[in-house]
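In what follows, a single structure is set out as structure tokens and then discussed.
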Amino acid sequence: MITFEFDETKSQANLLKHGINFFEKQFDEDVDITSSLDISKAKRVLQAQKRVNVDFPTWMIESLDREAGKLGVTRQSVIKVWLAERLEKAA
């Protein structure tokens, strides 16, 4: 999930011009509302990052690198996705 902050200037102008439900109505009608959002301040909810170091055997690194090459992504991406999938199954 990603949260956005409103562009206060645009939001206030829209509220004054169209009323409080203008934004919600546009959203519900599948109107592009991104011009009312400050995308530069977007944050992923519950996605704070913390760096960890993990030692893997060489054979495992080589296998991860092969899989990453097949998928066209980084080793780190493969590890993150596989761990996330496993944790979702366990939940």
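The values are calculated or read from the model by the stated rules, or taken from the named source; none is laboratory data. On a predicted model such as this, the values are computed, not experimentally measured, just so you know. All Cβ positions, even for glycine, are placed from backbone atoms using ideal geometry, and neighbour counts span all protein chains on display.
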**Complete:** Per the filter on region 55-91, residues part of a helix (DSSP H, G or I), surrounded by 10 or more Cβ atoms within 10 Å (Cβ to Cβ) and hydroxyl-bearing (Ser, Thr, Tyr) are SER63, SER77
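Residue under question is ASP65, and the condition is that it be under 30 Å from ALA84 (Cβ atoms), at pLDDT 70 or above, under 24 Å from the mean Cα position of the chain (by Cα) and not hydrophobic (A, V, I, L, M, F, W, C); does it hold?
Details: under 30 Å from ALA84 (Cβ atoms): yes; at pLDDT 70 or above: yes; under 24 Å from the mean Cα position of the chain (by Cα): no; not hydrophobic (A, V, I, L, M, F, W, C): yes.
No, not satisfied.
Would you mind finding the one in LEU71, LEU87, LEU64, LEU83 that is more than 30 Å from PHE23 (Cβ to Cβ) and touching a Lys or Arg at 6+ places or on another chain (Cβ under 7 Å)?
On the way: LEU71 fails: touching a Lys or Arg at 6+ places or on another chain (Cβ under 7 Å); LEU87 fails: touching a Lys or Arg at 6+ places or on another chain (Cβ under 7 Å); LEU83 fails: touching a Lys or Arg at 6+ places or on another chain (Cβ under 7 Å).
Exactly one residue qualifies, and that residue is LEU64.
Just wondering, is there one or more residues in region 1-8 that are at pLDDT 80 or above and either within 17 Å of the chain's Cα centre (by Cα) or aliphatic (A, V, I, L, M) (or both)?
The first filter runs over region 1-8 and keeps only residues at pLDDT 80 or above, leaving none.
Taking every residue of region 1-8 in turn, none turns out to be at pLDDT 80 or above and either within 17 Å of the chain's Cα centre (by Cα) or aliphatic (A, V, I, L, M) (or both).
Looking at region 36-54 only, could you name the residues that are closer than 30 Å to GLU24 by Cα and surrounded by fewer than 10 Cβ atoms within 10 Å (Cβ to Cβ)? Before the answer, list the steps.
Applying the first criterion (closer than 30 Å to GLU24 by Cα) to region 36-54 yields 36-48.
Residues satisfying the conditions are SER40, VAL45, LEU46, GLN47, ALA48.
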